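The values are calculated or read from the model by the stated rules, or taken from the named source; none is laboratory data. Keep in mind the model is a prediction, meaning the values are calculated, not measured. All Cβ positions, even for glycine, are placed from backbone atoms using ideal geometry, and neighbour counts span all protein chains on display. Only protein heavy atoms, including side chains, enter the accessible area calculation; ligands, DNA and RNA are left aside. Shrake-Rupley method; radii C 1.70, N 1.55, O 1.52, S 1.80 Å.
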Amino acid sequence: MSEDRSVPPWRIAVFGAGSIGCRLGGALASVAEVTLIGRPAAMAELDRTGLTLTGPGTRRLHARPTTATDASAAAGADYVLVTVKSADTAGAARELAPHLDDRTTVISFQNGLHNARLLAAALPGRRVLAGMVPYNVVRTGPAAFHQGTDGRLVLERTTTPEPDPAPSAERFADAARAAGLPVELRDDIPQVQAAKLLMNLNNAVNALSGRPLREQLGSRPYRLVLARCQREGLAALRAAGLPPARLGPVPAAWMPAVLRLPDVLFRRLAAASLRVDAQARSSMWEDLQRGRRTEVDELQGEVLALAERHGLAAPANRRLLELVRAAESAPTPPSWSGPDLLAALDDQGV
């Protein structure tokens, strides 16, 4: 007799269980059968110590979800959450394809503008949805992950009417909320992803600074660098016909001006931007600390590609892309001061 997968508990696989994947999967393990699929060393560490999650809304959660290192562990899952870096999306789809059927919904919880489309093209016949994670998560110890900022997951609303063999976005949202993960369903996911791209342009600034997010955002020279990147990003997105959605109290189009304000005024007007704890840092900072490839090509590189496609210049994003690429191969992680980073842009005529 075939398994009845029409009712919870859902079976959820997380493919690419790094910081974000472990945060989501660890929380969902309280309401679903969760399998984390990741690198052998990371999964072995998790098996030894168990998973520890800290951060807003999390009272030091301990969990022991099932772990695996091969895509075959996703077979039979109701939902597969893809949380690999953007450069690994095509490879993830190739690995998953032999093991998924039309009863599985794939959700891309990744940075960038194109990952859900890439997955859908490589996984024909499967339901693929785009999602957005608004907060940063960093590894703070063996199998320990800290969420440093707050926010709600955003998920593409299901447009295919029921009945459908694959479970819906709405049902995933119900499970996530039950696990303490706030979720917002939206119909304007491309615009949401555009807004997140603008926010993520700070990842490079934070990584190059070597400082916690709160300290870095509280310093005007760093914000001036980010303002230049966002101004170029806004122009490129407008030219591409992709106006960013409003995700916070300040419209995206206003952010470059807000970022340029003196520190005192910025703290008053953008208090929510500074409502991060002392441990919060960008994922790109963590990548540089661990000698890993970053996602700068999918962030600053995406703005640069969009700008060039529409006959625009994006020199600030180009310069940060160059600096991060240099840092990826440097013997020690960078620690740029705000004035020095701003001067590095000025030296190039940015």
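For this structure, a couple of remarks:
- Sole exception among (1) touching a Pro at 6+ places or on another chain (Cβ under 6 Å); (2) surrounded by 17 or more Cβ atoms within 10 Å (Cβ to Cβ) for residue 152, by number: (2)
- Filtered by the rule that a residue be of a type in the set (A, V, I, L, M, F, W, C) and either in contact with a strand residue (DSSP E or B) (Cβ under 9 Å, 6 or more places away or on another chain) or loosely packed, with under 14 Cβ neighbours inside 10 Å (or both), segment 319-339 gives 326, 330.
To keep it simple, each residue is scored yes or no on (1) part of a helix (DSSP H, G or I); (2) in contact with a helix residue (DSSP H, G or I) (Cβ under 8 Å, 6 or more places away or on another chain).
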| site | (1), (2) |
| --- | --- |
| 216 | yes, yes |
| 223 | yes, yes |
| 226 | yes, yes |
| 229 | yes, yes |
| 235 | yes, yes |
| 244 | no, yes |
| 248 | no, yes |
| 254 | yes, no |
| 266 | yes, yes |
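- Residue in segment 277-286 that is out of contact with any strand residue (DSSP E or B) (no Cβ under 7 Å at 6 or more places or on another chain), open to solvent by less than 70 Å² (accessible area, probe 1.4 Å), without any contact (Cβ under 8 Å) to a residue 24 or more places away in the chain and over 27 Å from residue 194 (Cβ atoms) present: no
- Filter result for residue 316 (free of Cβ contacts under 8 Å to residues at least 24 places away in the same chain, open to solvent by less than 50 Å² (accessible area, probe 1.4 Å), hydrophobic (A, V, I, L, M, F, W, C) and within 21 Å of residue 113 (Cα to Cα)): no
- Hey, residue 192 surrounded by fewer than 20 Cβ atoms within 10 Å (Cβ to Cβ) and farther than 26 Å from residue 325 by Cβ or not: no
- Whichever residue in segment 32-48 is touching a strand residue (DSSP E or B) at 6+ places or on another chain (Cβ under 8 Å) and in contact (Cβ under 8 Å) with a residue 40 or more places away in the chain and, among such residues, is nearest to residue 9 (Cα to Cα): 32
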